[in-house]
């Protein structure tokens, strides 16, 4: 059964993934030790130690200049201690001091409650091809072959 406290806590965890995106120590504390994550470029990461290593390397590169904002769309409880957080990840680069949105990704977190604490157990980012989505929606495309053609063109 979902509670307002659980909802608020999950919203906080999602916000903290954004807040700590350039702080590997704080970022990885949001995840279970056996986390499974697929990042926006399709790299699979398994376990908090591997996630920490990847984050530590990333913040030492130009990737640290990319900022994201997570737009939480909804939270679904699969069980009282398992929740699905569906988000849109807005990806920004900074040009002349101004953030410019360069991409969006569908972001899904699976969170589990351990000892009254919600943690991310699984995460997946999938880049959204806005042009393909608009073409599919505006043309009412139904066949899988047409979907693939639109996405790959």
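Values quoted throughout were computed directly from the atomic coordinates according to the rules given, and no laboratory measurement underlies them. Being a predicted model, the structure only gives us computed values, none of them experimental. Don't worry about glycine lacking a Cβ; one is built from the backbone with ideal geometry, like all the others, and counts go over all protein chains shown.
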How many percent of DSSP beta bridges within region 4-128 run antiparallel, rounded to 5? 90
Length-normalised contact order for region 4-128 - Cα pairs under 8 Å, 6+ apart - percent: 25
Label point at residue 41 placed 7 Å out along Cα→Cβ; residues across region 89-112 whose backbone nitrogen lies under 17 Å: 91-94, 102-105
Could you order peptides 38-45, 10-17 by the average number of other Cβ atoms within 10 Å of their residues, highest first? 10-17, 38-45
